[in-house]
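Please read the structure below before turning to the comments.
Quick note: the coordinates plus some simple rules give every number you see, no bench work behind them. This structure is a prediction, so every number in the text was calculated from the model and none was measured. Neighbour counts run over all protein chains shown; Cβ positions are idealised from the backbone, glycine included.
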Amino acid sequence: MSEHINTAGNHYDIIIVGGRPAGATLAARLGQAGLRVLLLERAVMPSLPAASSPIIYPATMQLLDEIGADEADYAHNTPRIRRLVSEVREDFRVTFDLPALFGRDYLYAIDRARFDAALWRTAARQPTVTTHDGFSVTDVLRDGKRIVGITGRANGRDTQFTANGVVGADGRFSLVARKAGAASYDEQSDMPTSIYYAYWKQVQPYASGAPIVHSYATGRGYGFGLMDSADGTTCVVIEGRANALELGDAKAHELYLQLLQQHPRVWRRLVGAEQVTEVRGMRNIGNMYRTAGGPGWALVGDALHQKDPIDGQGIYDAVVTAKLLAQALVAWRNGSITWEQALHQYTTAVRAETAPMYAVTMDRVKRELYTEHPAWAYRSWLRWLVTDPEYGRRMVWLLSRGLPAEGWLPRAVFFKALARGAVRDVARRLAHMPEPYALPPLAV
Ligand SMILES: Cc1cc2nc3c(=O)[nH]c(=O)nc-3n(C[C@H](O)[C@H](O)[C@H](O)COP(=O)(O)OP(=O)(O)OC[C@H]3O[C@@H](n4cnc5c(N)ncnc54)[C@H](O)[C@@H]3O)c2cc1C
């Protein structure tokens, strides 16, 4: 636990509760603008967050460049991944190469404890930012309807701090949101998913041996992801419809191993490998927004907006909403707008930035996890669509945020992809050519 005090007294411009991607990057940005910030975190850094798999795209890294976060620090000993391979049942396989976007042509499957700690240090480097980990916020202080500070506990001692504004960057189960009475909206609770994951060592390389993200879709409401991560580890994830991954009488690690063993495309890579962490995860993951703020308080990151992790956009959303909130708060602190105007500006910007991708993610959960397609669909139109180069290009650009989510797949592109696939199949059969997207035989 560390306390890094830069300011005298217990009053700040802004108190931030929660010190991971949203909270730490917000603190760094406010510090860059000279605001006096207190950043409080319950966990002792470095430590893992509650649950998260590890993908970050170049758009996220570009936002981190803006606050001076050091890539060599947050991605220390972590391989650069330039290729995604997607296997769909035994029906087809497609490869996507990462385009050069935002100055990088790779993504990372980072070590979250290392990554979060590097962001924490980035915030702490700002002279006007005070960081305090091992500090659990237990309540907010009020002056009438306005929130004016927090009370919390560290080392068995209760302490109060006051501020002109309190920000909840405290994740999906946000205490600040609860205490402030933040309403939720745009909630989508009819398609819950669950995830289980662990890190492994000595995983069999995929084909060329270059670091990759390898996914395998079962077509039965769940799929697998194997992502090459830091220090020679591979993160192996199972995500699916909550009702397809019910534990029943089993423990999470039993279900996890059982499912891995049932799928030879995945298991063949784990034969001889060693599981080096416990199985972590989350059940019944929900999707929603909360009101962005009120008198003296605001929310950012998962506390503000949470959605299914299938597209790996949570960290990006956390750091981009932190940027949007920082812009609003700096304008408020300069006196050019009121607190209410700042919240209005922030709410509008957050919706514009996140709502289209939220809709795409919900659509993907419905299509890939909640819709059972007949076998012939995988062999025809789904294969035509997913293996179409223009579809693939757009998909990777979408996830990398190089393409606006709204209208990312125009109807014309969709139908042309199907037509190209059908024509390609006919031509290939007439010429007695092999299927280029077939999976390699399983026997090794
Ligand atoms: C299973 C799963 C897999 C995911 N995979 C990915 C992925 O591959 N890529 C991706 O981009 N996103 C992924 N996400 C989403 C991503 O993890 C989150 O969106 C991101 O961590 C949100 O950052 P945050 O800073 O808002 O909140 P968090 O990371 O949740 O941090 C909140 C912090 O607040 C602290 N806190 C809470 N209450 C208090 C309190 N009372 N006092 C003091 N501190 C407090 C907590 O200790 C915590 O450290 C995944 C999520 C899940 C659930």
Suppose every Lys and Arg Cβ carries +1 and every Asp and Glu Cβ carries -1, with no other charges. What dipole size does the stretch 375-430 come out with about its Cα centre, to the nearest 20 debye?
200 debye
Hey, what number do you get for the chain at 222 nm if only DSSP H runs of n ≥ 4 count, each worth -39500 (n - 2.57), divided across all residues, to the nearest 500?
-10500 deg cm²/dmol
Rounded to the nearest 0.05, what FRET efficiency do PHE173 and ARG142 give with R0 = 22 Å and r taken as the Cβ-Cβ distance? Could you check?
0.55
Anisotropy class of the chain from Cα gyration tensor, a/c 1.5 cut:
prolate
Could you tell me which of the pairs LYS179/LYS366; LYS251/LYS366; LYS251/LYS323 are separated by over 31 angstrom between their Cα atoms in the structure shown?
LYS179/LYS366; LYS251/LYS323
Dipole of the stretch 375-430, positive end: most advanced residue of PHE414, VAL426, LEU382 [Cβ charges, Cα centre]:
VAL426
From the phi of every residue in the stretch 45-62, what ³J(HN,Hα) in whole Hz does the Karplus formula 6.51 cos²θ - 1.76 cosθ + 1.60 yield, where θ is phi - 60° and glycine or proline is x?
7, x, 7, 7, x, 3, 7, 6, 8, x, 7, 10, 9, x, 4, 5, 5, 5
Can you report the principal axis dimensions of the stretch 375-430 using only the alpha carbons, biggest first, rounded to whole angstrom?
39, 21, 16
Please work out the Cα convex hull volume for the stretch 232-308 and give it in Å³ per residue.
146 Å³
Using Cβ counts within 10 Å as a stand-in for footprinting exposure, how do PHE115, PHE92, PHE102, PHE173 rank, fewest first?
PHE173, PHE102, PHE92, PHE115
I need LYS201, LYS179, LYS323 ordered by Cβ neighbour count within 10 Å, fewest first.
LYS201, LYS323, LYS179
Could you please report the charge total around ASP97, scoring K, R as +1 and D, E as -1 over all other residues with beta-carbon less than 12 angstrom from its beta-carbon?
+2
Taking neighbour Cβ counts within 10 Å as the exposure measure, how do VAL300, VAL148, VAL365 sort from fewest upward?
VAL148, VAL365, VAL300
Along principal axes, largest first, the alpha-carbon spread of the stretch 1-91 in whole Å comes out as 64, 26, 22
For the stretch 1-157, what is the percent of antiparallel DSSP beta bridges, rounded to the nearest 5?
70 percent
Computed ³J(HN,Hα) along the stretch 258-267: with the Karplus parameters 6.51/-1.76/1.60, θ = phi - 60°, integer Hz and x for glycine or proline, the list is 4, 5, 4, 5, 6, 10, x, 4, 8, 4
Label GLU372 and VAL271 with points 7 Å out from Cα along Cα→Cβ: what is the distance between them in nm?
3.1 nm
Here the averaged projected area of the stretch 315-355, based on the convex hull of its alpha-carbon atoms and given in nm², is 2.5 nm²
Return the percentage of antiparallel bridges among DSSP beta bridges fully within the chain, rounded to the nearest 5 %.
70 percent
Once Lys and Arg get +1 and Asp and Glu get -1 on their Cβ, which of SER52, LEU270, VAL37 lies farthest toward the positive end of the dipole of the chain?
LEU270
